[in-house]
Amino acid sequence: MRMKQSIYLVEDETDILELLILKLSAAGYRCRGFEKASAMLEKLDQELPDLLLLDLMLPDMDGMELCRLIKSDPKFSSLPIIMLTARIDLQDRVKGLDYGADDYITKPFEGEELLARIRAVLRRSLSQKDKNILILKPALKLDFNRFEAFIDDKRIDLTLTEFKILQIISSRPGWVFSRSQLLDQLWGTDKIVVERTIDVHIKNLRDKIGNYAASIKNVRGLGYKYDPGDLTNAQS
């Protein structure tokens, strides 16, 4: 059975928030409500939903700024956002879309219209996700939208650096990447980082991907490569 799609709602009016949760839950979505932006951001670091419904008038942060903040973070930039607001000015709608919102609904609105907008945004998001998922092995997948990796559809707890290393070396199977090349792609040439830092990240990455660890080969004196043909455990 397919897991229900999850929606976060940020709305400071309790009555409206509870009504929205009731409506969306009845439509088959998993919902979590927040009355403050700060509470939602804290939860967002732990779990990324499929969609965010965002009211613009919040007590601790302007909704426009919250949208911009989320969309500017690589970890969350793919999160679809629908803005809910009483602001009807055209400039507000344009600003919201420019800040990265996927849709903009003015209050008051009909429940069926909201559900239709949600379905449309989720369809577009799902289509984009399919284009940004790389299957490295039958059970090992990389999701470039969320910067997440999965084994047997279970999320692996990779750091952003570990994910990017796996993304870089798997982009050209069999190609040897030197430590300096990996450093340049990860942090650029302006930041001074010791080359052996790569070895630490590679070790941690191998530990986390278990039986797929041997796909990451250490080419002595040169660097690292991704070998899709090896499914055995990595040797130290």
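Contact order, relative form, for segment 1-99: 27 percent (alpha carbon pairs under 8 Å, 6 or more residues apart, mean separation divided by residue count).
Loop-located chymotrypsin sites (Phe, Trp or Tyr not before Pro) in segment 1-47 (DSSP state not H, G, I, E or B) with no more than 15 neighbouring Cβ atoms inside 10 Å do not occur.
Of the chymotrypsin sites (Phe, Trp or Tyr not before Pro) in segment 36-110, the ones in a loop by DSSP (not H, G, I, E or B) with at most 12 other beta carbons within 10 Å are Phe109. For the pairs Lys36/Lys95; Lys36/Lys71; Lys164/Lys217; Lys23/Lys154; Lys75/Lys154, note any where the Cα-Cα span goes beyond 23 Å. Those over the limit are Lys23/Lys154. Between the amide H of Glu148 and those of Asp143, distances stay under 5 Å, these residues lying 5 or more places away or on another chain, with hydrogens modeled in the peptide plane.
Sites listed here are trypsin sites (Lys or Arg not before Pro) in segment 170-221 whose DSSP assignment is loop and whose Cβ has at most 13 other Cβ atoms within 10 Å: Lys191, Arg220. Axis of helix 14-26 versus longest Cα principal axis of the chain: the two differ by about 60°, to the nearest ten degrees. Subtracting the Cα-Cα distance of Ala120 and Asp60 from 0.36 nm times their residue separation leaves 18.6 nm of extension gain. What number, rounded to the nearest 500 deg cm²/dmol, is the helix-based mean residue ellipticity at 222 nm of the chain, given -39500 (n - 2.57) per DSSP H run of at least four residues and division by all its residues? Calculated at 222 nm, the ellipticity per residue is -12500 deg cm²/dmol.
Any read-out appearing in this document is the output of simple, stated calculations on the displayed coordinates, not a laboratory observation. The model shown is predicted, which means the values in this text are computed figures rather than measured ones. Virtual Cβ from ideal backbone geometry, glycine too; neighbours counted across all protein chains shown.
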